[in-house]
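*Asks:* Sharing a structure below in structure tokens format, with a few things to ask.
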Amino acid sequence: MITGHRGAASLAPENTLVSIEQAAKAGVHWVEIDVQLSADDVPMVFHDKTVNRCTNGEGNIADLDLNTLKTLDAGGWFGSEFVGVSIPTLSEALDKCLELDLTLNLELKIYEEKAIIPLVNQVISLIKSKQFPLDRLLISSFKVDALRLCKELMPQIRRGYICEVWDESNAGLLQDLALYSVHIDHQKLDEKTAKSIKTLGVMLKIWTLNDAQQAAKFYALGVDNIITDIPNKF
């Protein structure tokens, strides 16, 4: 199983609706995107703390309101054919995933601890109000506190813990969070680590593998899902 990273980040500007469309066109069933809040607490699909790299604007996402963010060009940096592509709201991305029959891995992108509670509250509220099907959703984060709050507010949502390296002490997290999956940097995954994670009864996902030739090796280790920028190559 393959997940398109930030949509299909090699084929279209990352974390945009067109990127999600390209992932679906590549044939994947899963897509991963990032979410954080605007200054007026609207969940926006964006990875970086600032808009500087992936738009024609400047400043922190958290300091810019929805109207300002929607005026930015989030596609021209990637290619001239994408000029005018905008930063999507999470609401728009949820609709797009349903339209394209995709299952969503939604990463809570948190740059400051104070953002955890408002972000989780807004995301859960939106999911409830849209009645987004929970069998099409996995919420993931590096932040244990964010996943714990998700569990408290809506325990039936699947939760994934993202880590760069795995430590045996992390196993305790599973008891507390009842995780669905563990997402680890593919460069840090070896046979021992994979076995340690899989014996805990969770799904094992790796990020961000862009060499399709290595897919068989990782599947042999027990990896259930590969997150990649180039889903078309897989």
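*Asks:* Under the condition of being closer than 23 Å to Ile157 by Cα and aliphatic (A, V, I, L, M), which residue from segment 177-199 is surrounded by the most Cβ atoms within 10 Å (Cβ to Cβ)?
*Replies:* If we take residues in segment 177-199 being closer than 23 Å to Ile157 by Cα and aliphatic (A, V, I, L, M), then Val182 is surrounded by the most Cβ atoms within 10 Å (Cβ to Cβ).
*Asks:* Separate question: Name every residue in segment 76-120 that is of a type in the set (Val, Ile, Thr), in a loop (DSSP other than H, G, I, E, B) and surrounded by fewer than 23 Cβ atoms within 10 Å (Cβ to Cβ), in order of residue number.
*Replies:* Within segment 76-120, Val83, Val85, Ile110 meet the criteria.
*Asks:* With respect to Thr55, is the statement that it is hydroxyl-bearing (Ser, Thr, Tyr), at negative phi and assigned to a loop (DSSP other than H, G, I, E, B) true?
*Replies:* Yes.
*Asks:* Further question on the same structure: In segment 145-170, what residues are touching a residue at least 24 places away in the same chain (Cβ under 8 Å) and part of a strand (DSSP E or B)?
*Replies:* Arg158, Gly160, Ile162
*Asks:* Would you mention how many residues in segment 186-212 are under 22 Å from Gly4 (Cα atoms) and either touching a Cys at 6+ places or on another chain (Cβ under 8 Å) or of a type in the set (Ser, Thr, Tyr) (or both)?
*Replies:* Going through segment 186-212 one residue at a time, the tally reaches 1.
*Asks:* While we're on this one: For segment 61-75, how many residues meet the condition of being farther than 21 Å from Ala115 by Cβ and surrounded by fewer than 19 Cβ atoms within 10 Å (Cβ to Cβ)?
*Replies:* Going through segment 61-75 one residue at a time, the tally reaches 2.
*Asks:* Is it the case that Asn15 is at pLDDT 95 or above and within 16 Å of the chain's Cα centre (by Cα)?
*Replies:* Judged against the criteria, Asn15 is a match.
*Asks:* If you check Ile227, Ile206, which single one turns out to be touching a helix residue (DSSP H, G or I) at 6+ places or on another chain (Cβ under 6 Å), among the β-branched types (Val, Ile, Thr) and under 20 Å from Leu102 (Cβ atoms)?
*Replies:* Just a single option satisfies the conditions, and that option is Ile206.
*Asks:* Next question. Scan (1) touching a Ser or Thr at 6+ places or on another chain (Cβ under 9 Å); (2) modelled with pLDDT of 95 or more; (3) among the aromatic types (Phe, Trp, Tyr) for the single condition Tyr111 breaks and write down its number.
*Replies:* Tallying (1) touching a Ser or Thr at 6+ places or on another chain (Cβ under 9 Å); (2) modelled with pLDDT of 95 or more; (3) among the aromatic types (Phe, Trp, Tyr), Tyr111 fails exactly one: (1).
*Asks:* Considering segment 6-55 alone, what residues qualify as being surrounded by fewer than 24 Cβ atoms within 10 Å (Cβ to Cβ), in contact with a Gly (Cβ under 7 Å, 6 or more places away or on another chain) and among the hydroxyl-bearing types (Ser, Thr, Tyr)?
*Replies:* Thr50
*Asks:* Among the residues of segment 200-219, how many are under 21 Å from Ser169 (Cβ atoms) and crowded, with 17+ Cβ neighbours inside 10 Å?
*Replies:* 5
*Asks:* State which residue pairs qualify: first residue over 22 Å from Pro231 (Cα atoms) and inside segment 192-209, second residue basic (Lys, Arg) and surrounded by fewer than 22 Cβ atoms within 10 Å (Cβ to Cβ) in any location, beta carbons under 8 Å apart, and separation of 6 or more residues or different chains.
*Replies:* Note: no pairs meet the criteria.
*Asks:* Please go through segment 111-144 and give me each residue that is over 16 Å from Thr89 (Cβ atoms), touching a strand residue (DSSP E or B) at 6+ places or on another chain (Cβ under 7 Å) and in contact (Cβ under 8 Å) with a residue 40 or more places away in the chain, ordered by number.
*Replies:* Once the filter is applied, which keeps residues that are over 16 Å from Thr89 (Cβ atoms), touching a strand residue (DSSP E or B) at 6+ places or on another chain (Cβ under 7 Å) and in contact (Cβ under 8 Å) with a residue 40 or more places away in the chain, segment 111-144 yields Ala115, Leu138, Ser140.
*Asks:* Output the residues belonging to segment 155-176 that are within 18 Å of the chain's Cα centre (by Cα) and surrounded by 15 or more Cβ atoms within 10 Å (Cβ to Cβ).
*Replies:* The answer is Ile157, Arg158, Arg159, Gly160, Tyr161, Ile162, Cys163.
*Asks:* Taking the residues in segment 58-75 that are free of Cβ contacts under 8 Å to residues at least 60 places away in the same chain, part of a loop (DSSP other than H, G, I, E, B) and of a type in the set (A, V, I, L, M, F, W, C) as candidates, determine which candidate is nearest to Glu21 (Cα to Cα).
*Replies:* Per the criteria, the residue is Leu72.
The values are calculated or read from the model by the stated rules, or taken from the named source; none is laboratory data. Treat the numbers as computed from the prediction; the structure is a model and nothing was measured. A quick note on method: Cβ atoms are made from the backbone with ideal geometry, for glycine too, and the neighbour counts reach across all protein chains shown.
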